[in-house]
Amino acid sequence: MNAEYASKDSHRIILPELSRELTELLITAREPGLAVQINDLEIVARCSCGDEFCASFYTAPKPVGSYGPKHRNLELGPANGMIILDLVDDRIVHVEVLYRDDVRSKLAPLFA
């Protein structure tokens, strides 16, 4: 698989537990409009920071510069680690996942 881009549906197939967790967290956060996006997300690129604790990924092409004025962050409250969503116009464009080896180990093969 391409080192930068994963195939459509890889989020659901490779990370089904994270998909379920994100959906539940978004419903708890009273963000049902975002929760319905989860099953349609496509992992298009992995974060390139190189930090061992990072399992973040892009669900839209990474912008050149900032996301712009319609950007907001939504921090979720997972039982383990940290999850912060980057949203543009209420569309999930980046999923920041930190301190989650379970996610990192499943994401790594997509970009090997």
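Read-outs: derived from the displayed coordinates by stated rules, not from any lab. Quantities reported herein were computed from a predicted structural model and do not represent experimental measurements. Please note: Cβ atoms are built from the backbone with ideal geometry, for glycine as well, and neighbour counts cover all protein chains shown.
Counting other Cβ atoms within 10 Å of each Cβ, which trypsin sites (Lys or Arg not before Pro) in the range 10-61 have at most 16 and sit in a DSSP loop?
30
Of 15, 110, 68, which is farthest on the positive side of the dipole of the range 10-111, counting Cα position, with +1 on Lys and Arg Cβ, -1 on Asp and Glu Cβ, and the Cα centre as origin?
The one lying farthest along the dipole's positive direction is 68.
Within the range 69-112, list the trypsin sites (Lys or Arg not before Pro) lying in a DSSP loop whose Cβ has at most 13 other Cβ atoms in a 10 Å radius.
Those satisfying the criteria are 70.
If I model a spin label at residue 99 and residue 40 as a point 7 Å from the Cα along the Cα→Cβ vector, what separation in nanometres do I get?
About 3.3 nm, to one decimal.
Go through [x] 6.5; [y] 12.4; [z] 7.1 and flag the label whose value is the computed mean projected area of the Cα convex hull in nm² for this structure.
[x]
Helix-only mean residue ellipticity at 222 nm, the chain, DSSP H runs n ≥ 4 weighted -39,500 (n - 2.57), per residue, nearest 500. What is it?
Calculated from helices alone, the mean residue ellipticity at 222 nm is -6500 deg cm²/dmol.
Which of 94, 71 comes first, and how do the rest follow, when ranked by fewest Cβ neighbours within 10 Å?
Least crowded to most crowded, the residues run 71, 94.
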